[in-house]
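The structure under discussion appears below in the form of structure tokens.
The values are calculated or read from the model by the stated rules, or taken from the named source; none is laboratory data. Since the structure is predicted, the reported quantities are computational estimates derived from the model, not experimental observations. We place every Cβ from the backbone using ideal geometry, glycine too, and count neighbours over all the protein chains shown.
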Amino acid sequence: MENDIVGALAAFAVGIIISFGNYRLSEFFLKKHPDRFSAVSVIRQLIQVLYIVLIFFSSGRLPWDRTYLLVGAALGITLPMFFFTYKLLKTNKESTSESEKKEDNENG
């Protein structure tokens, strides 16, 4: 288990979990409280940075090389973000079109 690739894959997997959690948090605020969405972006960024910092400082206690862990963590956070950003944009577009339909019906 001391293979550095295993450590990178573990950090990558945790990064994917963090990305998914950030996506769900963003989706919730986009649907329920869109006026607070910009504040959520700061919280998401803070979570991601804290994960990278945690990897950096805890890597001395782990059996894997720090570089592999950091690369795995950074890719785990970054790569899924492309997919989740697409899904958030799709969600935002759907909610915007629904609110426009409601306004059209109310205005007659």
Search result, residues across the stretch 40-78 that are in contact with a Lys or Arg (Cβ under 8 Å, 6 or more places away or on another chain) and of a type in the set (G, A, S): S59, G60
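Quick grid of which residues meet (1) out of contact with any helix residue (DSSP H, G or I) (no Cβ under 6 Å at 6 or more places or on another chain); (2) hydrophobic (A, V, I, L, M, F, W, C); (3) within 18 Å of I5 (Cβ to Cβ); (4) at pLDDT 95 or above:
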site: L30; (1), (2), (3), (4): no, yes, no, no
site: D35; (1), (2), (3), (4): yes, no, no, no
site: S58; (1), (2), (3), (4): yes, no, no, no
site: D65; (1), (2), (3), (4): no, no, yes, no
site: G72; (1), (2), (3), (4): no, no, yes, yes
site: F82; (1), (2), (3), (4): yes, yes, no, no
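Filtering the stretch 39-94 down to residues that are among the small types (G, A, S) and under 14 Å from the mean Cα position of the chain (by Cα), which residue is surrounded by the fewest Cβ atoms within 10 Å (Cβ to Cβ)? Quick ask: steps written out before the conclusion?
Residues of the stretch 39-94 that are among the small types (G, A, S), as a first pass: 39, 41, 58-60, 72-74, 76.
From the residues that got through so far, the ones that are under 14 Å from the mean Cα position of the chain (by Cα) too are 41, 73-74, 76.
Working: S41: 13, A73: 26, A74: 17, G76: 24.
Step by step, filter the stretch 39-94, then rank; the result is S41.
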Selection status of A11, more than 10 Å from the chain's Cα centre (by Cα), in a helix (DSSP H, G or I), surrounded by 17 or more Cβ atoms within 10 Å (Cβ to Cβ) and not aromatic (F, W, Y): yes
